[in-house]
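This report concerns only the one structure given below.
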């Protein structure tokens, strides 16, 4: 299992901004009125010394990811970051993620995302986690234990085992789409217990017809979360 670093978010102001060196994809999800801001495939040096800070101004949130460059390595790597925001007031929010990966104290905008909070939960609380080099996306791991994960080999010859983890008892739904977004296979096992489960896809659709070579996507939906992975069928 990979290990994760846990860091607190705090207020931060006076950020010098650069338009260069932004990387990765920023997206969000809200479950039980807790917001999760994701920054996938962020490029930093292989052994960063990361700090995460936040500035909130009304319904606008800026999250800053900085490598302190204490002991930089002579290589680059992709990391995944997840920022968990609790206790926000009801409303629609815009979150921007900024990264500083060049040891120059300048930040680049990695991306922005919009999310909505329906009701306030607890007192404001923020937490940030980062993966090891290579990221946790699609590895069968996830930083927060309340979140499900989905894992599979990406290259498929004849069939493939797809694993997923349920953080609690639930009824998952798993759908496989082709590259055009057309649903070709649906898997609904009914109520399942907390833990790791799996199923095999034989690269056929719901009618038993073998699918041609190409790119497909498997999507897990459960407990308000959604996880997707690409699969490349080679046969």
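Quick note: the coordinates plus some simple rules give every number you see, no bench work behind them. Source: prediction; values computed, not measured. Cβ atoms come from the backbone with ideal geometry, glycine included; neighbour counts cover every protein chain shown.
Miscellaneous remarks
- Cβ-Cβ FRET estimate between residue 193 and residue 109, R0 fixed at 41 Å, reported to 0.05: 0.45
- Alpha-carbon centroid distance for the pair the stretch 53-83 / the stretch 202-235, whole angstrom: 33
- Here the average projected area of the convex hull drawn through the C-alpha atoms of the stretch 5-130 stands at 7.1 nm².
- Theoretical gain in end-to-end length, residue 221 to residue 182 [0.36 nm per residue, Cα-Cα removed]: 12.4 nm
- Compared with the direct C-alpha span, the chain from residue 213 to residue 200 gains 2.9 nm at full extension, assuming 0.36 nm per residue.
- Placing dummy labels 7 Å off each Cα toward the beta-carbon, the span from residue 120 to residue 168 is 2.3 nm.
- Likely footprinting exposure, 204, 235, fewest C-beta neighbours within 10 Å first: 235, 204
- Estimated FRET transfer efficiency when R0 is 22 angstrom, pair residue 133-residue 27 (beta carbons, to 0.05): 0.55
- Share, in percent, of DSSP beta bridges within the stretch 47-98 that are antiparallel, nearest 5: 60
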